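This report refers to the structure that appears directly beneath it.
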Amino acid sequence: MSNEPTSISALIDEWATIAEFAADVGCGYEAARQMRLRESIAPGHWSKVVSAAKARDIRGVTFEWLAERHASNSKVAAS
């Protein structure tokens, strides 16, 4: 993959299934499904998400990238 994902759901869609994403990140299927629906990944999973994205050559997925999406999602939830 040469393009950077523009959202959490676009990132998760890089995996063939949510179950594969969940396995790579080390969380349950339902947790991964909720991450996709909420457009947010809890900070406790960021390290594994960054590593899994790198292993799959998904560019642009960094702690900063995740933090930006987490912050913007938190602002929306607070509104």
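The values are calculated or read from the model by the stated rules, or taken from the named source; none is laboratory data. What you see is a predicted model; the values in this text were computed from it and never measured. For neighbour counting, all protein chains shown are included, and Cβ atoms are generated from backbone atoms with ideal geometry for every residue, glycine included. To get the accessible areas, we keep the full protein, side chains included, count just its heavy atoms, and leave off ligands, DNA and RNA. Shrake-Rupley method; radii C 1.70, N 1.55, O 1.52, S 1.80 Å.
Against the conditions (1) out of contact with any helix residue (DSSP H, G or I) (no Cβ under 7 Å at 6 or more places or on another chain); (2) open to solvent by less than 50 Å² (accessible area, probe 1.4 Å); (3) polar (S, T, N, Q), Ser9 satisfies every one except (1). Only residues that are buried (at least 17 other Cβ atoms within 10 Å of the Cβ) and in a helix (DSSP H, G or I) were counted in the stretch 12-34, giving 7. Taken over the stretch 37-70, the criterion of being touching a residue at least 40 places away in the same chain (Cβ under 8 Å), assigned to a loop (DSSP other than H, G, I, E, B) and in contact with a helix residue (DSSP H, G or I) (Cβ under 9 Å, 6 or more places away or on another chain) is satisfied by Arg56, Ile58, Arg59, Gly60, Val61.
The set of residues from the stretch 53-74 being among the hydrophobic types (A, V, I, L, M, F, W, C), more than 10 Å from the chain's Cα centre (by Cα) and surrounded by 12 or more Cβ atoms within 10 Å (Cβ to Cβ) comprises Ile58, Phe63, Ala67. There is at least one residue in the stretch 29-46 that is modelled with pLDDT of 95 or more and in contact with a Gly (Cβ under 9 Å, 6 or more places away or on another chain).
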